[in-house]
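The values are calculated or read from the model by the stated rules, or taken from the named source; none is laboratory data. Only a predicted model underlies this, so the values are computations on that prediction, with no experimental measurement involved. Note that we place each Cβ from the backbone using ideal geometry, even for glycine, and neighbour counts take in every protein chain shown.
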DNA sequence: CCTCCAGAAAAACGAGTGTTTAAAACATGC
DNA sequence: GCATGTTTTAAACACTCGTTTTTCTGGAGG
């Protein structure tokens, strides 16, 4: 054991419980009792619950950014004089995402955590992720920009987020959906199977025809704030 | 006031706070103090916090299902001998979704709530929504099935949920995204504008080519449970 | 041997939670 | 005007929460 063992026991238990129930709904007593560790250990080793949450994310995202950067390096080396095709970029991202939790036991946990990071309040988390991992995301979007030169910038921005929603929503709610699918269609869906299904959909969505230009005169309703 | 006024003050305040911070993060004291109502009023009028959460949803979803059923009735009346085109179905759904919170003040709140219903633990909520509003959703998916006869059932199931993820994720996280978009692309995005952008993307995604058949022999990794 | 100190353990702290109780205020019908 | 049922109020209850404090344990180094 490189780490004090108590630390990793806490992290292992915390990530599972967080993924199952969310952050606010998971108490430190839940974590420490299931990890068979003293309650005070969390505050001793991590300082606070917030810091524990961030540590859980870092354990996934640090290896991810590392791998993703090198994967993009290789990709750029292979396409020195032409742009990297969109399919290649998406494929690389998918492969990297799938590779990270292979060491650990669950991609599902990783995805649930990402979904929670977006949907739960936890402002500190969004800030932490933005600061820590915004750079690699910016690099990726820049490559996507080069791969889709015909798309207006704003349109590409929105479509990327549309697809982000697709992936995170589907994979983070996978268990519930999998149950329904298994019941109605007698098929057991694996994560890799879902990624296979996602690929053509995402590509088609990114390459969809542009929406009609906005008509003047029609004033939008005021749903601000 | 048709209702006791206390009841609607609670609901008005609760939906906003829930949408902003989630269910667990919003206490009854938050709600009652902001609504300038006695703490015990929630338990008196609704019975429990869980029941209050469900009541907040019902106030949006009951009118929605009503409108959506009649909208689908009209649609079916217009297409007695041919199938309703997919575009028409999506258009109708979008229109109905947009119509509901027009009476109230915020579509954003409605979408945030839907997003929370999926991502937060709150098992009772998912069950309540499923039982109460599963029927209209089933009717819609059946019409989508008739509109896309070439799509295998399981494929359509997943693609519908992909698109559900797109819409809920985008519209429920709209505020944050809108800020970024406004900063980077100097454009002020309205909800209707987003729906306009969503339409071609969703249609293209639903009509995307089928994924390649699974190769035998490649055994998927065991990411179960 | 004794000191030192990181780590684990138990206990307590104060704040905040949903819910219940019991009394007060109000409205309605006779 | 009094009794009736409904709504509002303040107070208390019984927990649970994250965090802090204090004590205890077990090796390492002088």
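So which residues in region A:21-46 are in a loop (DSSP other than H, G, I, E, B) and out of contact with any helix residue (DSSP H, G or I) (no Cβ under 7 Å at 6 or more places or on another chain), if there are any at all?
Here is the first cut: in region A:21-46, the ones in a loop (DSSP other than H, G, I, E, B) are A:22-27, A:35-39, A:46.
A:24, A:25, A:27, A:36, listed by residue number.
Inspect region B:211-219 for any residue being at pLDDT 80 or above, part of a helix (DSSP H, G or I) and surrounded by 12 or more Cβ atoms within 10 Å (Cβ to Cβ) and give the result as yes or no. Outline the logic, then answer.
Of region B:211-219, the ones at pLDDT 80 or above are B:211-213.
With part of a helix (DSSP H, G or I) added as a condition, the list becomes none.
The answer is no; no qualifying residue exists.
Look at region A:97-114 and say how many of its residues are facing chain B (nearest Cβ under 10 Å), modelled with pLDDT under 85 and assigned to a helix (DSSP H, G or I).
Qualifying residue count, region A:97-114: 4.
So which residues in region B:118-128 are part of a helix (DSSP H, G or I), in contact (Cβ under 8 Å) with a residue 40 or more places away in the chain and surrounded by 19 or more Cβ atoms within 10 Å (Cβ to Cβ), if there are any at all?
As a first pass, look at region B:118-128 and keep what is part of a helix (DSSP H, G or I): B:118-119, B:123-128.
Okay, now just the ones that are also in contact (Cβ under 8 Å) with a residue 40 or more places away in the chain, so B:118, B:124-125, B:128.
Within region B:118-128, B:118, B:125, B:128 meet the criteria.
Somewhere in region B:129-136, is a residue facing chain A (nearest Cβ under 7 Å), in contact with a helix residue (DSSP H, G or I) (Cβ under 8 Å, 6 or more places away or on another chain) and in a helix (DSSP H, G or I)? Can you show your working first?
At the first step, the residues of region B:129-136 found to be facing chain A (nearest Cβ under 7 Å) are none.
No, region B:129-136 contains no residue that is facing chain A (nearest Cβ under 7 Å), in contact with a helix residue (DSSP H, G or I) (Cβ under 8 Å, 6 or more places away or on another chain) and in a helix (DSSP H, G or I).
For residue A:90, state whether it is in a helix (DSSP H, G or I) and touching a residue at least 60 places away in the same chain (Cβ under 8 Å). Walk me through how you get there before you give the answer.
Numbers: in a helix (DSSP H, G or I): yes; touching a residue at least 60 places away in the same chain (Cβ under 8 Å): yes.
Yes, satisfied.
Quick check, is residue B:52 away from every other protein chain (no Cβ under 14 Å), near DNA strand C (Cβ under 8 Å from one of its atoms), in a helix (DSSP H, G or I) and within 17 Å of residue B:109 (Cα to Cα)? Walk me through it before giving the result.
On the way: away from every other protein chain (no Cβ under 14 Å): yes; near DNA strand C (Cβ under 8 Å from one of its atoms): yes; in a helix (DSSP H, G or I): yes; within 17 Å of residue B:109 (Cα to Cα): yes.
In short, yes.
Would you call residue B:34 within 16 Å of DNA strand C (Cβ to nearest atom) and either within 25 Å of the chain's Cα centre (by Cα) or crowded, with 18+ Cβ neighbours inside 10 Å (or both)?
Details: within 16 Å of DNA strand C (Cβ to nearest atom): yes; either within 25 Å of the chain's Cα centre (by Cα) or crowded, with 18+ Cβ neighbours inside 10 Å (or both): no.
So residue B:34 fails the test.
Please determine, by comparing only the residues of region A:4-15 that are buried (at least 19 other Cβ atoms within 10 Å of the Cβ) and either within 14 Å of DNA strand D (Cβ to nearest atom) or part of a loop (DSSP other than H, G, I, E, B) (or both), which one is farthest from the chain's Cα centre (by Cα).
A:10
Which of the residues belonging to region B:178-193 are surrounded by 15 or more Cβ atoms within 10 Å (Cβ to Cβ), in contact with a helix residue (DSSP H, G or I) (Cβ under 8 Å, 6 or more places away or on another chain) and within 7 Å of chain A (Cβ to nearest Cβ)? Lay out the reasoning, then the answer.
We begin by selecting, within region B:178-193, every residue surrounded by 15 or more Cβ atoms within 10 Å (Cβ to Cβ); these are B:178, B:181, B:185, B:189-193.
If we keep only those that are in contact with a helix residue (DSSP H, G or I) (Cβ under 8 Å, 6 or more places away or on another chain) as well, we get B:181, B:185, B:189, B:191-192.
Within region B:178-193, B:181, B:185, B:191, B:192 meet the criteria.
Of the conditions (1) exposed (fewer than 15 other Cβ atoms within 10 Å of the Cβ); (2) under 12 Å from the mean Cα position of the chain (by Cα), residue B:96 fails just one. Which one is it?
(1)
Is it true that some residue in region B:146-153 is assigned to a helix (DSSP H, G or I), surrounded by fewer than 15 Cβ atoms within 10 Å (Cβ to Cβ) and at the interface with another protein chain (Cβ under 10 Å from one of its Cβ atoms)? Explain how you work it out, then say what you get.
Restricting attention to region B:146-153, the residues satisfying the condition of being assigned to a helix (DSSP H, G or I) are B:146-147, B:153.
Among the residues that remain, those that are also surrounded by fewer than 15 Cβ atoms within 10 Å (Cβ to Cβ) are: B:146, B:153.
Next, from what is left, pick out any that are at the interface with another protein chain (Cβ under 10 Å from one of its Cβ atoms): B:153.
Yes - at least one qualifying residue is present in region B:146-153.
Taking the conditions exactly as written (more than 7 Å from chain B (Cβ to nearest Cβ), at pLDDT 80 or above and more than 19 Å from residue B:189 (Cβ to Cβ)), does residue A:201 satisfy them or not? Break it down into steps so the answer makes sense when it comes.
Values: more than 7 Å from chain B (Cβ to nearest Cβ): no; at pLDDT 80 or above: yes; more than 19 Å from residue B:189 (Cβ to Cβ): yes.
No: the conditions fail for residue A:201.
Going by the structure shown, is residue B:18 away from DNA strand D (no atom under 13 Å from the Cβ), surrounded by 13 or more Cβ atoms within 10 Å (Cβ to Cβ) and not in a helix (DSSP H, G or I)?
Numbers: away from DNA strand D (no atom under 13 Å from the Cβ): yes; surrounded by 13 or more Cβ atoms within 10 Å (Cβ to Cβ): yes; not in a helix (DSSP H, G or I): no.
When the stated conditions are applied, residue B:18 does not pass them.
Name, by its number, the condition in (1) within 14 Å of chain A (Cβ to nearest Cβ); (2) under 25 Å from residue B:123 (Cα atoms); (3) more than 16 Å from DNA strand D (Cβ to nearest atom) that does not hold for residue B:87.
The single condition residue B:87 does not satisfy is (2).
Checking the structure you have, find out if any residue of region A:58-66 is within 14 Å of DNA strand C (Cβ to nearest atom), part of a helix (DSSP H, G or I) and surrounded by fewer than 18 Cβ atoms within 10 Å (Cβ to Cβ). So that I can check it myself, show each step before the final result.
First, pick out the residues of region A:58-66 that are within 14 Å of DNA strand C (Cβ to nearest atom): none.
No.
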